[in-house]
Structure formats: C-alpha cells, structure tokens
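Engineer: Take a look at this one; I'll ask things after.
Rule-based calculations on the coordinates, nothing more; no lab input. Keep in mind the model is a prediction, meaning the values are calculated, not measured. No Cβ is skipped: glycine too gets one built from the backbone with ideal geometry, and neighbour counts run over all protein chains shown.
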Amino acid sequence: MSTPTAGARPDEVRRHNRTALLRRLHVDGPSTRASLAAELGLNRSTIKALVDGLAESGVVAERVPAQRSGAGRPSLLVLPQPHAAVVMAIDIRVEQVAMAMVGLGGDILGRDSWNLHHRSRDPGEVITHVADSAKLLADELDVQAVGVGVSVPGVVRRADGLVHEAPNLHWTDVALGERLSSVLKVPVQVGNDAELGALAEHVRGAARDSSDMVYISADVGIGGGVISSGQPLRGTGGYVGELGHMVVRPGGRRCYCGCQGCWETEVGEAALCRALAIPEDSPRGTVVAELRSLAAGSPDSVSHRLGEFTEWLAMGLVTVVNMLGPELVVLGDLFTALPESMVDELRRIVQKRSLVSRAVGGTRIISSPLGRDAKLIGAAELAFEPVLGEV
C-alpha cells in the first residue's frame, strides 16, 4: 500500500486513507474494522472515523456475518454498497461488443451485447450504438455510471484514449476516448484489450497473488498484457503488449502489420481453424465446439491434430518467458478452450526450452478462470481507478 507523502496536509492524509480503504473493500470484499486496521496499517480510531463517514454517505454498510464462529458478540462486517458507485465497462471485439454496469465491489449489475458486422464496425456506428445501449441499460437498472472503461483490440494511447490502430476493426487514429466522453457525458478511460485482461486477472482472477505475470489473449489476433512488480507494464505512451507481432517464422505468412511469419499468423484464430481442418471464417462457437470434441478424446488425438500448432504456440511462450520472466502465464479468450493435455504439453516444452523458466523452478501456465469476461472486468477496473478517489 502506498503511503502519503511526508508533510502532507491532514485532509490529504484522510483522502489517501479513505481511498485505500475503499480500494481494499472494492477488491477483496467485506471485512471487519479490526482486519481493515491491521491490513492498512491504521489505528482503530482512524478506521472508525473512515467507516462511519462512508456509512453516513451510503458508500458502505455494516452487517452481522451470516456465519458466526465462537461465543460472544460477532464483529460487524463492513460491506461496499454496489450502487454507491457504478461504472460502465465496454469490451469492443472484432465480432461483438459487450457492455456491463458494474457496481462498487465488482458486482455486475446488468449487461448487454450485440454482434458487429462489416458495416457496423465503423467507429461512428459503434459509438452511436454504445450510447443508445448505455441509456437503455442505465434506465433499466435505474443507475447512473460515474465513469467508463473501454477495452479495444488495438494500439491505444492511454493519455486520451486515441486508438492509433486497431487493424482487425480497420480503425486508424480514432479519438475513441474523447468521442465517447462527449456523448456519454462522463470520463472515459480506454485501454488495450490484452492489457485489461491482465489487469482483470491480477485484481480478480488467477494472478491475484502474482506480482509478475503475462496474459496472452487469443481472439482474431494475439495480444499480451504484462504485470511487472505488481504494476501494469505500459511502455512509452501506453503502447505495449503487441506480442502477436513477434516474428517466429521468417518467410512465413504475411501479416497485416507488414511483416511475415508473426506469431499471430501461426497461432491466431485463423491458424487454429487451419489446424482443426475447418474453414478459417468459422464462427467462434464452431471453433470452441471442435476443440471440446477433440479434448474429449485421447491426448494422442490432440497431439496428432494440434501438434504443429502447439509447437508454434510454445515457441512464442518460450520467448515471452525468457524476455519477461513472469511467474505466471495466463491463457485467455479462445485459448481457454484448448484441451488440457495440450496445456500440459505447453508447460513441459516451456520448462524444457526456457532458461528463465528453469531458473525460477518452472513458470506456471494456466487457462484464465475469467474466460470471455476478463476484458470486460478489466475495463471496469480501469474505470474504477480514478473513481475510488472521488466516491
């Protein structure tokens, strides 16, 4: 936990402590006053003043625990109140847009989604549909979002939400943050989809206890999000995570980025369809069903059909592990449907070929427990970052 700067004014200290308390409740859920004092390093009188103030404003409530242990009067639990601060999360994909209203504490209060087709991928069309759907969802739930987080499969400038390039959407230099903020009338934060997947896993998923992890996103393309020393790795201007454009096969298939043999051309959705011997434009449901059917068979049948695909995926993972040294790699999106025997083989190959993995005793490689919701959850957490200091 960060601490106030030496010499900070009392009101700054109170604000810092209040935000820290809210963040703790938002991320980790209900807790007693005593536990909050111990975890945050604050004395009980400070915690009492903070909780009493938040309770008076309806941001938290105190309840008797549903399950009691021991004799005597049970300690009350401090609970965040979901409707005290609501944000809108938007996950823009190549084929679909998903939207959710998320309350303080991470509860999804309601959601909506719609498919994108060639014409409906135009930025103006997407923004209009988002604005219309946002109003309908807010009215239905009787809530008002105080912030918006957006996940986009592209290169995003975090300072203002400019989508420099989202090739699979055919977007170039789209001022998405400014345009959405103008129509929604609330602050909008925009992030790369894989980066937000990593954020979601770090805050609410498989990487809660990992300070160094990499999230590998597989949709139409391949992206990566990195948590380093407990913080998102964002690079200059927020441009980081284009792991799909590592060249792994010189002279291979041409990629839209201008190179040949990018990792994305070998392990993206089209490559997986080729490995499964189904049309490259097969619907996502068909691809997942084919993978599940394959997983129901023997490991030998998985190896026979996906052996070469596994090799290319492992090659990229070895490079990622050697470069970034994560303790954990989380496979997200389409990769969550990969047969477990194949994930086991990936672990074995990475352990065998990566010097870094061997040095740390084996980098863990797992499938995301958040599934398709990872980027939506990450978008919500992005929106909550500035909100928690203002509630």
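Engineer: Sorted from fewest to most neighbouring beta carbons within 10 Å, what does the list Cys255, Cys273 look like? Numbers along the way, then the final one.
Structural biologist: Values: Cys255 20, Cys273 17.
So the ranking, lowest neighbour count to highest, is Cys273, Cys255.
Engineer: How much of the pair distance distribution for region 55-124 lies past 18 Å, counting alpha-carbon pairs only, in percent?
Structural biologist: Every Cα pair in region 55-124 considered, those over 18 Å come to 59 percent.
Engineer: How big is the C-alpha Rg of the chain next to the rule-of-thumb value 2.2 N^0.38 Å, as a ratio?
Structural biologist: Details: Rg = 22.5 Å, N = 391, 2.2 N^0.38 = 21.3 Å.
Scaled against compact globular proteins, the figure is 1.06.
Engineer: Lysines within cross-link reach of Lys375: Cα-Cα under 27 Å, excluding same-chain residues under 8 positions apart?
Structural biologist: Of all the lysines, those that pass the test against Lys375 - Cα under 27 Å, at least 8 places apart if same chain - are Lys135, Lys185.
Engineer: What are the semi-axes of the equivalent ellipsoid for region 207-369, taken as the square roots of 5 times the Cα gyration tensor eigenvalues, largest first, in whole Å?
Structural biologist: Each semi-axis is √(5λ); the values are 24, 19, 15 Å.
Engineer: Between Ala34, Ala379, Ala314, which gets the highest mean-square fluctuation from a Gaussian network model of the chain, Cα cutoff 10 Å?
Structural biologist: Of Ala34, Ala379, Ala314, the most mobile in the Gaussian network model is Ala34.
Engineer: Whose amide H sits under 5 Å from the amide H of Glu165, counting only residues 5 or more places off or on another chain, with H placed in the peptide plane?
Structural biologist: Val155, Asp173
Engineer: Using Cα springs under 10 Å in a Gaussian network model of the chain, which residue among Ser181, Ser45, Ser120 shows the largest mean-square fluctuation?
Structural biologist: In this elastic network of the chain, the residue with the biggest mean-square fluctuation among Ser181, Ser45, Ser120 is Ser45.
Engineer: Give the long-range amide H neighbours of Val190: residues separated by 5 or more places, or on another chain, with amide H under 5 Å away, using H modelled in the peptide plane at 1.01 Å from N.
Structural biologist: Here Val150, Gly161 satisfy the definition.
Engineer: For region 223-231, in order, what is each residue's ³J(HN,Hα) by Karplus, 6.51 cos²θ - 1.76 cosθ + 1.60 with θ = phi - 60°, in whole Hz (x at glycine and Pro)?
Structural biologist: x, x, x, 10, 10, 10, 6, x, 10
Engineer: Determine one quarter of the surface area of the Cα convex hull of region 261-325, which equals its mean projected area, and express it in nm² to one decimal.
Structural biologist: Convex hull of Cα atoms, orientation-averaged projection: 5.0 nm².
Engineer: Okay, moving on. Which whole-Hz ³J(HN,Hα) couplings does region 278-289 yield from phi under the Karplus relation 6.51 cos²θ - 1.76 cosθ + 1.60, θ = phi - 60°, glycine and proline marked x?
Structural biologist: Rounded to whole hertz, the list is 10, x, 4, 9, 4, x, 4, x, 5, 5, 5, 4.
Engineer: For region 199-214, in order, what is each residue's ³J(HN,Hα) by Karplus, 6.51 cos²θ - 1.76 cosθ + 1.60 with θ = phi - 60°, in whole Hz (x at glycine and Pro)?
Structural biologist: 4, 4, 5, 6, 8, 10, x, 6, 9, 4, 9, 10, 8, 9, 8, 10
Engineer: Please arrange Met101, Met323, Met315, Met88 by counting, for each residue, the other beta carbons lying within 10 Å of its beta carbon, fewest first.
Structural biologist: So the ranking, lowest neighbour count to highest, is Met323, Met315, Met101, Met88.
Engineer: Mind telling me which of Glu308, Glu165, Glu12 comes out most flexible in a GNM of the chain, alpha-carbon contacts under 10 Å?
Structural biologist: Result: Glu12 has the largest fluctuation of those listed.
Engineer: Net charge within 10 Å of Ala194 by Cβ-Cβ distance, Lys/Arg positive one each and Asp/Glu negative one each, not counting Ala194 itself?
Structural biologist: -4
Engineer: Consider all pairwise Cα distances in region 238-293 and report the whole-number % of them above 12 Å.
Structural biologist: 66
Engineer: Using only the Cα atoms of region 86-244, construct the convex hull and provide its projected area averaged over every direction, in square nanometres to one decimal.
Structural biologist: That works out to 8.7 nm², a quarter of the Cα hull's surface.
Engineer: Hey, another quick one. Sorted from largest to smallest, which semi-axis lengths in Å does the alpha carbon gyration tensor of region 10-80 give for its equivalent ellipsoid, taking the root of 5 times each eigenvalue?
Structural biologist: In descending order the semi-axes read 21, 13, 11 Å.
Engineer: What is the order of Ile227, Ile366, Ile47, fewest Cβ neighbours within 10 Å to most?
Structural biologist: Ile366, Ile47, Ile227
Engineer: For the chain, what proportion of DSSP beta bridges, expressed in % and rounded to the nearest 5, is antiparallel?
Structural biologist: So the antiparallel bridges in the chain amount to around 65 percent.
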